[in-house]
Amino acid sequence: MATMTTLHDAARHYRDLGLSPFPCRPRDKRPLIISWLSYQHEPATLAALDVWWTQCPTANVAIVTGHGVLVVDLDGEGAEQLLWDQGVILPDVAPRVRTGHGQHVYLAVTQVVGNKAAILAAPAGKPAVDIRGDGGYVLAPPSIHPNTGEAYEWLRPLALPLPPAPQRLLDLISAHRERGNGAAQPLGEDWVST
């Protein structure tokens, strides 16, 4: 996405694609606005984006997940291997973002999938695979990671429509929920994605 030169440009681009961006504090994962929950159902207007990024040009860009958008958060080196070990192969064509500590992989879903932490994890907790769906959000390029100071970067460019989530992944998420680990619940204002 070489045409996105600023965080504001990125937010407008994501909105033009039909996604729902909103601002987070500079170099932070917490929302800059009082409430982002309404943007789970209706994207902000371009005018609102213009106001937000005019007032704070260094605000990070978050994208609301859910409503057909699922993000697999591969947290730490070796996280994707955890999926492979369970027979889950993420589509090669799926948009991918380099984050501060791993990758985000964007997929399409037709059902409600909530947020789930550590559907798979190493005994020490990292690497881990988290799910961001209905009720959640992720930071998007060119946001700055709060811990590393590095910009999020598209490794495979964002293109719509997103490829569908593999059924084996959906089965794994469902099995995680049935074990009582992270039932699909919208998250509150202070929830932060990794």
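The numbers here are math on the coordinates, done by the rules we state, and not lab data. Remember, it's a predicted structure, so these values are computed and weren't measured experimentally. Glycine gets a Cβ as well: all are built from the backbone with ideal geometry, and neighbour counts include every protein chain shown.
Let me have the relative contact order for the chain, percent, based on Cα pairs under 8 Å that are six or more residues apart. Display every interim value, and only then the final one.
Working: 425 pairs, mean separation 49.5, N = 194.
It rounds to 26 percent for the chain.
Quickly work out the T110-to-H67 label distance, labels modelled 7 Å from Cα along the C-beta direction, and quote it in nm with one decimal.
2.0
Please give the peptides 87-96, 112-121 ranked by average Cβ packing (other Cβ atoms within 10 Å per residue), highest first, as a rough proxy for protection.
On the way: 87-96: 15.8, 112-121: 19.8.
Packing order, densest peptide first, comes out as 112-121, 87-96.
Report the extension gain between W84 and D9 in nm, rounded to one decimal, defined as 0.36 nm multiplied by the number of residues separating them, less their alpha carbon distance.
Numbers: separation 75, 0.36 × 75 = 27.00 nm, distance 3.56 nm.
23.4 nm is the gain from fully extending W84 to D9.
Need one word for the stretch 63-161: rounded, prolate or oblate. Basis is the Cα gyration tensor (sqrt eigenvalues a ≥ b ≥ c); a/c below 1.5 gives rounded, then a/b vs b/c decides. List each step's numbers first, then the result.
Numbers: a/c = 1.36, a/b = 1.03, b/c = 1.32.
Rounded.
Expressed as a rounded percentage, what relative contact order does the stretch 1-102 have, with Cα pairs under 8 Å and six or more residues apart?
It rounds to 28 percent for the stretch 1-102.
Taking only the alpha carbons of the stretch 1-81, what extent do you get along each of the three principal axes, in Å, biggest first?
Principal extents (Cα only, largest first): 42, 26, 26 Å.
Assuming R0 = 35 Å, can you tell me the calculated FRET efficiency for the pair C56 and L155, based on Cβ-Cβ distance, to the nearest 0.05? Let's see the in-between values first.
Numbers: r = 27 Å, r/R0 = 0.77.
Efficiency for this residue pair is about 0.85.
Treat each spin label as a single point 7 Å out from the Cα along the C-beta direction, and report the E42 to N147 distance in nm.
Result: 3.7 nm between the two label points.
When DSSP assigns beta bridges and you keep just the ones with both residues in the chain, what percent turn out antiparallel, to the nearest 5?
On the way: 32 of 34 bridges.
If I count the DSSP bridges inside the chain, around 95 percent turn out antiparallel.
For Rg and Dmax of the Cα atoms in Å, one of (i) 15.7, 47; (ii) 18.7, 63; (iii) 17.2, 56 was computed from the structure I shared and the rest are decoys. Which label?
Structure-derived value, by its label: (i).
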